1. Can you list the helices (runs of 4 or more DSSP H) lying wholly within region 224-282 that have 1 or more residues being among the acidic types (Asp, Glu) and out of contact with any Phe, Trp or Tyr (no Cβ under 9 Å at 6 or more places or on another chain)?
2. Checking Glu178 against (1) charged (D, E, K, R); (2) more than 25 Å from Tyr257 (Cβ to Cβ); (3) surrounded by 15 or more Cβ atoms within 10 Å (Cβ to Cβ), only one condition comes out false. Which one?
3. Being in a helix (DSSP H, G or I), in the same structural domain as Glu145 (by the TED database) and either open to solvent by 60 Å² or more (accessible area, probe 1.4 Å) or modelled with pLDDT under 95 (or both): is that true of Lys203 here?
4. Of all residues being touching a Pro at 6+ places or on another chain (Cβ under 9 Å) and charged (D, E, K, R) in region 171-211, which is farthest from Gly158 (Cα to Cα)? Just the residue, please.
5. Does Ser83 satisfy the criteria of being touching a Lys or Arg at 6+ places or on another chain (Cβ under 9 Å) and of a type in the set (Ser, Thr, Tyr)?
6. If you go through region 244-271 one residue at a time, how many are open to solvent by 50 Å² or more (accessible area, probe 1.4 Å) and under 15 Å from Val157 (Cα atoms)?
7. Mind listing whichever residues of region 216-236 are open to solvent by 70 Å² or more (accessible area, probe 1.4 Å) and either of a type outside the set (Gly, Ala, Ser) or closer than 19 Å to Asp139 by Cβ (or both)?
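The values are calculated or read from the model by the stated rules, or taken from the named source; none is laboratory data. Keep in mind that this is a model prediction, so the values were computed, not measured. Note: ideal-geometry Cβ built from the backbone for every residue, glycine included; neighbour counts use all protein chains shown. Ligands, DNA and RNA are stripped out before the accessible areas are found, and what is left, the full protein with its side chains, is counted by its heavy atoms. Shrake-Rupley method; radii C 1.70, N 1.55, O 1.52, S 1.80 Å.
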Amino acid sequence: MLKGKSLLCLLDFDSWEIQKMLDVSFSMKERVLINSIPKSLDGKRIALLFEKPSTRTRVSSELAVTMLGGTTVVLTKNDIQLSRGEPIEDTARVLGRMVHGIGARVLRHESLVKLAQYSGRPVVNLLSDLSHPLQALTDFMTIRETFGTLKRPMAFVGDGGDNVLVSLMAFTAKMGLELRIASPKELRPRQDVMRRIEDEADKTGAIIEFFEDPYQAVRGVSVVYTDVWVSMGQEAEAQRRRELLSNYRVTEDLMRYTSEDSIFMHCLPAVRGEEVEQSVIDGKRSRVWDQAENRLYTAMSVFSLLF
């Protein structure tokens, strides 16, 4: 049973649980299209906490709760006493007395752990510095929607320590898929996280490989994925990161080495001309708008199953 569990990282879930979340995402999309949405959160009160700005996550999460019949309270850091130094433990204790579940977009992953521990309520990671599980669910939903299967090789080009990439690797490892990562050796995942991913990949036969040459990584793949080079909170090291990643831009030329039916993906927001050429993200191979729409259905799926 998924009810009552927290989704902080996909590595904490079994493959059948991840498959269930994905299947229900497709079911939710179908139910929305035929205007037959289940009111699975009827009578439920859900707090959505945002320490960082958001577009897709904010809209999809708030709509998901409302469409499923629940009541949502959206809180930015400046709305509550966190902005004045109240410990996250105290905020969690208060929320736990008033709501049935919490979705949180936080600066530090540790805050999610404390929210779950001290609230006693299920918590969903809406993004942390470690991972972004709902984004990965959305991405693989989009891949299955495009190709009819998850079993297509993907290449990620860019920052090897990216939080979205960690969730893509976790999904890949759990589901026995193939992911190639083109990244400078200076930018790689935390070793403790990488060990967990490798352990899971050994169990399922998943292939996760790192390359320094992006052309080698993308050769023959069906999906090319990238993310911004400088995320929120990394502004102080922006120049160094741009120098390290200058050879990891997704271009039309790079896409020529992929399969004939390959697609381009990006979690957004994007910086055109930096991590991706405008002609790629706005071209025929781009599926970024499908990804953005599917954020709604994966949020509906996870909230309905956990809350």
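1. 238-244, 252-255
2. It fails just one condition, (2).
3. Yes, satisfied.
4. So, considering only residues that are touching a Pro at 6+ places or on another chain (Cβ under 9 Å) and charged (D, E, K, R), the one farthest from Gly158 (Cα to Cα) is Glu178.
5. It is true that Ser83 is touching a Lys or Arg at 6+ places or on another chain (Cβ under 9 Å) and of a type in the set (Ser, Thr, Tyr).
6. Of the residues in region 244-271, 8 are open to solvent by 50 Å² or more (accessible area, probe 1.4 Å) and under 15 Å from Val157 (Cα atoms).
7. Gln216, Arg219, Met232, Glu235
Here is a yes/no grid of residues against (1) among the aliphatic types (A, V, I, L, M); (2) under 25 Å from Gly96 (Cα atoms); (3) touching a Cys at 6+ places or on another chain (Cβ under 8 Å):
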position	(1), (2), (3)
Lys5	no, yes, no
Ser15	no, no, no
Asp23	no, no, no
Lys39	no, yes, no
Leu48	yes, yes, no
Asn78	no, yes, no
